[in-house]
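Read the structure below first, then the notes.
The values are calculated or read from the model by the stated rules, or taken from the named source; none is laboratory data. A quick note: this is a predicted structure, and the numbers were derived from the prediction, not measured. Backbone-built Cβ (ideal geometry, glycine too); neighbour counts: all protein chains shown.
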Amino acid sequence: MTLSLTLALLALRAGLSLRRARLRGARRPAADLRRHLRLAKAAVVMIVIGFSAGPVSAVWLRGWDAFRTAHAWIALVTVGLYAATGVLGRRLEHGRSRAVDRHALLALLATLGAAAAFVAGFVLLP
Ligand code: HEM
Ligand code: HEM
(Lines give C-alpha, C1' and ligand atoms only; values in the text may rest on other atoms or scores of the structure.)
(Ligands and ions follow the chains in the order given, each with its own letter.)
Protein backbone atom coordinates (compact mmCIF):
# COMPACT_ATOMS: atom_id res chain seq x y z
CA MET A 1 0.00 0.00 0.00
CA THR A 2 2.85 2.36 0.82
CA LEU A 3 4.37 1.57 -2.60
CA SER A 4 1.10 2.23 -4.42
CA LEU A 5 0.61 5.53 -2.55
CA THR A 6 4.15 6.55 -3.49
CA LEU A 7 3.40 5.78 -7.15
CA ALA A 8 0.20 7.83 -6.87
CA LEU A 9 2.14 10.80 -5.49
CA LEU A 10 4.71 10.55 -8.30
CA ALA A 11 1.83 10.40 -10.81
CA LEU A 12 0.32 13.49 -9.19
CA ARG A 13 3.64 15.31 -9.45
CA ALA A 14 3.96 14.41 -13.14
CA GLY A 15 0.34 15.49 -13.67
CA LEU A 16 0.92 18.82 -11.96
CA SER A 17 3.91 19.51 -14.20
CA LEU A 18 1.62 18.88 -17.21
CA ARG A 19 -0.84 21.32 -15.65
CA ARG A 20 1.79 24.00 -15.17
CA ALA A 21 2.86 23.66 -18.81
CA ARG A 22 -0.77 23.91 -19.91
CA LEU A 23 -1.49 27.01 -17.81
CA ARG A 24 1.66 28.69 -19.12
CA GLY A 25 0.28 28.09 -22.61
CA ALA A 26 3.24 25.90 -23.51
CA ARG A 27 2.88 22.67 -25.45
CA ARG A 28 2.72 19.77 -23.01
CA PRO A 29 6.01 17.90 -23.25
CA ALA A 30 5.43 14.40 -24.68
CA ALA A 31 7.93 12.86 -22.25
CA ASP A 32 6.04 14.30 -19.25
CA LEU A 33 2.78 12.92 -20.57
CA ARG A 34 4.29 9.45 -21.10
CA ARG A 35 5.72 9.58 -17.58
CA HIS A 36 2.37 10.62 -16.11
CA LEU A 37 0.48 7.87 -17.97
CA ARG A 38 2.96 5.16 -16.96
CA LEU A 39 2.99 6.13 -13.28
CA ALA A 40 -0.73 6.86 -13.02
CA LYS A 41 -1.88 3.61 -14.61
CA ALA A 42 0.39 1.53 -12.38
CA ALA A 43 -0.74 3.51 -9.32
CA VAL A 44 -4.46 3.09 -10.01
CA VAL A 45 -4.10 -0.67 -10.61
CA MET A 46 -2.03 -1.13 -7.45
CA ILE A 47 -4.43 0.90 -5.32
CA VAL A 48 -7.35 -1.25 -6.48
CA ILE A 49 -5.37 -4.43 -5.69
CA GLY A 50 -4.31 -3.03 -2.29
CA PHE A 51 -7.88 -2.04 -1.52
CA SER A 52 -9.11 -5.56 -2.31
CA ALA A 53 -6.42 -7.12 -0.12
CA GLY A 54 -7.58 -5.05 2.90
CA PRO A 55 -10.83 -6.86 3.74
CA VAL A 56 -9.35 -10.25 2.75
CA SER A 57 -6.63 -9.72 5.31
CA ALA A 58 -8.99 -8.27 7.93
CA VAL A 59 -11.38 -11.25 7.69
CA TRP A 60 -8.97 -14.16 7.12
CA LEU A 61 -5.89 -13.12 9.06
CA ARG A 62 -7.46 -11.06 11.81
CA GLY A 63 -10.90 -12.66 12.15
CA TRP A 64 -12.63 -9.25 11.95
CA ASP A 65 -15.93 -8.43 10.26
CA ALA A 66 -15.21 -6.56 7.02
CA PHE A 67 -15.96 -2.82 6.80
CA ARG A 68 -16.33 -2.24 10.52
CA THR A 69 -13.58 0.40 10.62
CA ALA A 70 -13.54 4.08 9.63
CA HIS A 71 -10.42 3.22 7.63
CA ALA A 72 -12.43 0.88 5.40
CA TRP A 73 -15.05 3.52 4.52
CA ILE A 74 -12.48 6.25 3.93
CA ALA A 75 -10.63 3.74 1.72
CA LEU A 76 -13.82 2.93 -0.20
CA VAL A 77 -14.41 6.60 -1.05
CA THR A 78 -10.73 7.00 -1.92
CA VAL A 79 -10.63 4.02 -4.28
CA GLY A 80 -13.76 5.38 -5.99
CA LEU A 81 -12.06 8.75 -6.48
CA TYR A 82 -8.94 7.11 -7.94
CA ALA A 83 -11.10 4.99 -10.25
CA ALA A 84 -12.99 8.09 -11.44
CA THR A 85 -9.69 9.95 -11.97
CA GLY A 86 -8.43 6.97 -13.99
CA VAL A 87 -11.58 6.61 -16.12
CA LEU A 88 -11.59 10.32 -16.95
CA GLY A 89 -7.80 10.16 -17.51
CA ARG A 90 -8.29 7.44 -20.14
CA ARG A 91 -10.92 9.55 -21.87
CA LEU A 92 -8.46 12.47 -21.95
CA GLU A 93 -5.73 10.16 -23.24
CA HIS A 94 -7.89 9.04 -26.17
CA GLY A 95 -9.22 12.51 -26.91
CA ARG A 96 -12.76 11.60 -25.89
CA SER A 97 -12.89 14.34 -23.26
CA ARG A 98 -11.25 17.69 -22.54
CA ALA A 99 -12.22 17.95 -18.89
CA VAL A 100 -8.66 18.38 -17.61
CA ASP A 101 -9.77 20.57 -14.71
CA ARG A 102 -12.21 17.94 -13.52
CA HIS A 103 -9.48 15.27 -13.84
CA ALA A 104 -7.14 17.45 -11.76
CA LEU A 105 -9.85 18.10 -9.14
CA LEU A 106 -10.65 14.38 -8.83
CA ALA A 107 -6.91 13.69 -8.54
CA LEU A 108 -6.65 16.21 -5.71
CA LEU A 109 -9.65 14.76 -3.84
CA ALA A 110 -8.27 11.22 -4.30
CA THR A 111 -4.94 12.34 -2.85
CA LEU A 112 -6.68 13.89 0.17
CA GLY A 113 -8.64 10.65 0.64
CA ALA A 114 -5.42 8.65 0.50
CA ALA A 115 -3.89 10.90 3.16
CA ALA A 116 -6.94 10.35 5.39
CA ALA A 117 -6.82 6.56 4.80
CA PHE A 118 -3.13 6.64 5.63
CA VAL A 119 -3.81 8.32 8.99
CA ALA A 120 -6.80 6.08 9.77
CA GLY A 121 -4.77 2.97 8.80
CA PHE A 122 -2.11 3.47 11.42
CA VAL A 123 -4.29 2.65 14.41
CA LEU A 124 -5.09 -0.71 12.76
CA LEU A 125 -1.48 -1.81 12.52
CA PRO A 126 -0.72 -4.81 14.74
C1 HEM B 1 -5.35 5.69 -15.65
C2 HEM B 1 -5.01 6.78 -15.01
C3 HEM B 1 -4.78 8.15 -15.66
C4 HEM B 1 -4.72 8.54 -16.97
C5 HEM B 1 -4.91 7.66 -18.21
C6 HEM B 1 -4.44 9.97 -16.98
C7 HEM B 1 -4.31 10.76 -18.11
C8 HEM B 1 -4.02 12.09 -18.13
C9 HEM B 1 -3.85 12.89 -19.32
C10 HEM B 1 -3.99 12.39 -20.76
C11 HEM B 1 -3.55 14.16 -18.92
C12 HEM B 1 -3.22 15.34 -19.84
C13 HEM B 1 -4.43 16.15 -20.12
C14 HEM B 1 -4.10 17.17 -21.19
O15 HEM B 1 -3.31 18.07 -20.94
O16 HEM B 1 -4.64 17.01 -22.28
C17 HEM B 1 -3.56 14.17 -17.48
C18 HEM B 1 -3.33 15.29 -16.69
C19 HEM B 1 -3.30 15.27 -15.30
N20 HEM B 1 -3.41 14.17 -14.47
FE21 HEM B 1 -3.86 12.33 -15.09
N22 HEM B 1 -4.33 10.41 -15.67
C23 HEM B 1 -4.52 9.32 -14.85
C24 HEM B 1 -4.49 9.31 -13.47
C25 HEM B 1 -4.12 10.38 -12.68
C26 HEM B 1 -3.87 10.30 -11.26
C27 HEM B 1 -3.98 9.03 -10.41
C28 HEM B 1 -3.53 11.56 -10.86
C29 HEM B 1 -3.16 12.03 -9.50
C30 HEM B 1 -3.50 11.46 -8.36
C31 HEM B 1 -3.58 12.42 -12.02
C32 HEM B 1 -3.32 13.79 -12.04
C33 HEM B 1 -3.29 14.60 -13.16
C34 HEM B 1 -3.12 16.03 -13.15
C35 HEM B 1 -2.97 16.91 -11.90
C36 HEM B 1 -3.13 16.45 -14.49
C37 HEM B 1 -2.98 17.88 -15.01
C38 HEM B 1 -4.35 18.37 -15.42
C39 HEM B 1 -4.30 19.80 -15.94
O40 HEM B 1 -3.62 20.05 -16.93
O41 HEM B 1 -4.92 20.65 -15.32
N42 HEM B 1 -3.92 11.68 -13.12
N43 HEM B 1 -3.83 12.90 -17.01
C1 HEM C 1 -0.18 3.30 4.06
C2 HEM C 1 -1.33 3.54 4.65
C3 HEM C 1 -2.19 2.41 5.14
C4 HEM C 1 -2.02 1.64 6.24
C5 HEM C 1 -0.90 1.75 7.27
C6 HEM C 1 -3.10 0.67 6.28
C7 HEM C 1 -3.28 -0.30 7.21
C8 HEM C 1 -4.28 -1.22 7.25
C9 HEM C 1 -4.42 -2.27 8.21
C10 HEM C 1 -3.45 -2.57 9.34
C11 HEM C 1 -5.57 -2.95 7.93
C12 HEM C 1 -6.15 -4.13 8.70
C13 HEM C 1 -6.01 -5.38 7.89
C14 HEM C 1 -5.31 -6.45 8.64
O15 HEM C 1 -4.27 -6.16 9.25
O16 HEM C 1 -5.74 -7.60 8.61
C17 HEM C 1 -6.16 -2.33 6.78
C18 HEM C 1 -7.34 -2.73 6.19
C19 HEM C 1 -7.86 -2.17 5.05
N20 HEM C 1 -7.26 -1.21 4.25
FE21 HEM C 1 -5.61 -0.15 4.71
N22 HEM C 1 -3.91 0.89 5.19
C23 HEM C 1 -3.38 1.95 4.48
C24 HEM C 1 -3.88 2.51 3.31
C25 HEM C 1 -5.02 2.05 2.65
C26 HEM C 1 -5.53 2.62 1.43
C27 HEM C 1 -4.93 3.82 0.67
C28 HEM C 1 -6.63 1.86 1.08
C29 HEM C 1 -7.52 1.98 -0.11
C30 HEM C 1 -7.69 3.08 -0.84
C31 HEM C 1 -6.82 0.84 2.11
C32 HEM C 1 -7.84 -0.08 2.15
C33 HEM C 1 -8.09 -0.95 3.19
C34 HEM C 1 -9.29 -1.75 3.33
C35 HEM C 1 -10.51 -1.74 2.37
C36 HEM C 1 -9.15 -2.50 4.49
C37 HEM C 1 -10.18 -3.50 5.08
C38 HEM C 1 -10.77 -2.90 6.33
C39 HEM C 1 -12.01 -3.61 6.83
O40 HEM C 1 -12.56 -4.51 6.14
O41 HEM C 1 -12.49 -3.21 7.93
N42 HEM C 1 -5.82 0.99 3.03
N43 HEM C 1 -5.36 -1.27 6.37
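It is to be established whether one or more residues within region 69-78 are closer than 21 Å to residue 19 by Cα and either of a type in the set (A, V, I, L, M, F, W, C) or more than 9 Å from ligand 1 (Cβ to nearest atom) (or both). No, that holds for no residue.
If a residue counts only when it is touching a helix residue (DSSP H, G or I) at 6+ places or on another chain (Cβ under 8 Å), at pLDDT below 95 and among the aromatic types (Phe, Trp, Tyr), which helices (runs of 4 or more DSSP H) contained entirely in region 1-99 have at least 1 such residues? Walk me through how you get there before you give the answer.
Numbers: elements: 2-24, 30-60, 70-93.
By residue number, no helices (runs of 4 or more DSSP H) qualify.
For region 36-91, a residue qualifies if it is within 18 Å of residue 108 (Cα to Cα) and near ligand 2 (Cβ under 6 Å from one of its atoms), and the qualifying residues are 47, 75, 78, 79.
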